[in-house]
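Just so you know, all these numbers are worked out from the coordinates, no wet-lab data involved. This is a predicted model, so every value here is computed, not measured. Counting neighbours? That spans all protein chains shown, and the Cβs are built from the backbone with ideal geometry, glycine included.
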Amino acid sequence: MQDTSWVPLFPEGASSFAWEVDALYFYLIAVSAFFAIIVVAAVFYFFIKYREREKFATPPEIHGSIPLELFWSFVPFVISMTIFLGGAIVYYNQYKIPEDTMEIFVVGKQWMWKVQHGTGQREINELHVPVGRKVKLTMTTEDVLHDFYIPAFRTKADVVPGRYTSLWFEATKPGKYRLFCAEYCGLNHSGMGGWVYVMEQRDFDNWLAGNLSNQTPVQQGQDLFTNKLGCASCHAGGQNQRGAILEGIFGKEVKLVGGQTVIADEEYIRNSILNPAGQVVEGYQPIMPTFKGQVTEEQLVALVAYIKSLSGQSGTTAAPMTPATDGTTAAPANTAGAGK
Ligand code: CUA
């Protein structure tokens with residue numbers, strides 16, 4: 001893995017794909033510099049070689065040259081294809097979320113980042129993650145567009161009102177890295193940032209243990225589902241089952257009234273809570289009331305986490321727990337798991 005931290009003005013590279021982004025970037029610079037130098041040198045060379053020695057002298061005209069045409073078609077083709085393929089590979093690696101990620105929720109808000117871990121810990125303008133672990137951020141915003149940007153990881157993604165976006169990374173060295181909002185979002189946009197702390201697994205476990213959580217997102221979602229919002233009155237099963245069965249639904253294709261099918265992902269669940277009449281599951285009546293305006297983005301995130309957990313999708317697991325050797329208690333057991 002190349003280290004580009006020696007380049008002045010270049011942020012440290014601290015994620016598994018940082019070097020790929022840098023390599024592509026340096027390739028683009030190298031190609032541009034190479035042709036810029038050739039063109040400028042040629043300008044000066046011909047400038048002098050063909051300076052006017054004799055009044056009205058004109059060189060012979062050239063009428064086409066097949067080898068030359070082939071040459072200047074083939075070379076740009078190869079260059080543009082390498083740029084395209086390089087860009088596509090880097091893009092694919094960055095935006096294809098891998099399996100077995102540790103999942104963290106992020107909610108942007110003028111002008112702060114609110115973070116919640118699968119084990120319930122919350123932080124503001126800080127993000128603690130273990131080194132060498134794939135981390136997926138599921139992000140949305142309470143108000144306007146923001147953009148979650150960690151230069152050292154060479155990754156960023158817009159955070160969009162009304163939908164979920166996600167990004168992933170695997171931090172490769174422990175340290176403290178800057179976190180920015182990279183989308184102008186109002187008066188204090190420039191202050192909307194913080195730090196990412198990449199820690200060794202053991203330190204991260206200790207951090208989790210020292211930051212005793214209140215409810216995990218799954219527990220919070222269950223509480224909303226059964227008590228505060230009363231979703232359970234229609235969705236809990238039994239004779240009162242009037243709403244779609246939610247157990248096992250996550251990640252599956254569901255058939256809608258009208259014959260379409262959709263994948264029941266985070267986005268679908270969120271939409272179903274806010275706009276239930278939009279995509280009704282086949283076999284059910286569109287009787288569910290909307291919860292738009294009644295739930296915050298943070299509560300939606302918790303509901304989504306809970307509904308995921310009904311399908312045995314943990315995703316939100318914390319680190320694999322290592323028993324603490326110094327006699328203190330280990331990190332709280334993960335309750336975000338499956339099999340409710
Ligand atoms: Cu949030 Cu700029």
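Per-residue Karplus couplings for segment 119-128, computed as 6.51 cos²θ - 1.76 cosθ + 1.60 with θ equal to phi - 60°, are listed in order as 8, x, 4, 10, 8, 10, 6, 9, 9, 9 Hz, Gly and Pro entered as x.
Rounded to two decimals, the Cα radius of gyration of the chain over 2.2 N^0.38 Å is 1.35.
When the Cα centres of segment 89-114 and segment 239-285 are compared, how far apart do they sit, in Å? Their Cα centres are 25 Å away from one another. Among 116-129, 187-200, the peptide with the highest mean count of other Cβ atoms within 10 Å heads the list, and the full ranking is 116-129, 187-200. Calculate how many DSSP beta bridges within the chain are antiparallel, expressed in % of all such bridges and rounded to the nearest 5. Bridges in the chain are about 70 percent antiparallel.
Rounded to the nearest 10 degrees, the inclination of helix 18-49 to the longest alpha-carbon principal axis of the chain is 20 degrees.
Potential lengthening of the chain between Leu187 and Asn275 amounts to 28.5 nm, from the contour at 0.36 nm per residue minus the alpha-carbon distance. Select from Tyr177, Tyr27, Tyr306 the residue whose mean-square fluctuation is largest in a Gaussian network model of the chain (Cα-Cα springs shorter than 10 Å). The residue with the greatest mean-square fluctuation here is Tyr27.
Computed extension length for Leu256-Ile124: 43.6 nm, one decimal, from 0.36 nm per residue of separation with the Cα-Cα distance subtracted. With contacts taken as Cα pairs under 8 Å and at least 6 residues apart, the chain reaches a relative contact order of 16 percent.
With both residues required to sit in segment 102-209, DSSP beta bridges show an antiparallel share near 70%. In this calculation the C-beta distance from Gln110 to Tyr25 is compared with R0 = 22 Å, giving a FRET efficiency of 0.10. Highest average first, the peptides 107-115, 47-55, 286-294 ordered by how many other beta carbon atoms sit within 10 Å of their residues are 107-115, 286-294, 47-55. Protection proxy ranking of 136-146, 274-284, 15-25, by the mean of other Cβ atoms within 10 Å over each peptide's residues and highest first, is 136-146, 15-25, 274-284.
Considering only Val135, Val160, Ala33, and ranking their Cα positions along the charge dipole of the chain that arises from unit charges at the beta-carbon of Lys, Arg, Asp and Glu, the one farthest toward the positive end is Val160. In this simple spin-label model, placing a label point 7 Å from the Cα along the Cα-to-Cβ direction at both Arg178 and Gln201 gives a separation of 3.2 nm.
Its DSSP H runs of at least 4 residues, each contributing -39,500 (n - 2.57), put the calculated 222 nm mean residue ellipticity of the chain at -10000 deg cm²/dmol, to the nearest 500. Considering only Ile66, His117, Cys231, whose Cα is most displaced toward the positive end of the charge dipole of the chain, charges sitting on Cβ of Lys, Arg (+1) and Asp, Glu (-1)? Final value for the positive-end residue is Cys231.
Taken along its principal axes, the alpha carbon cloud of segment 102-209 reaches lengths of 39, 24, 19 Å, longest axis first.
Listed by chain and number, the lysines whose C-alpha is less than 21 Å from the C-alpha of Lys96, apart from same-chain residues fewer than 8 away, are Lys134, Lys136, Lys156, Lys252, Lys308.
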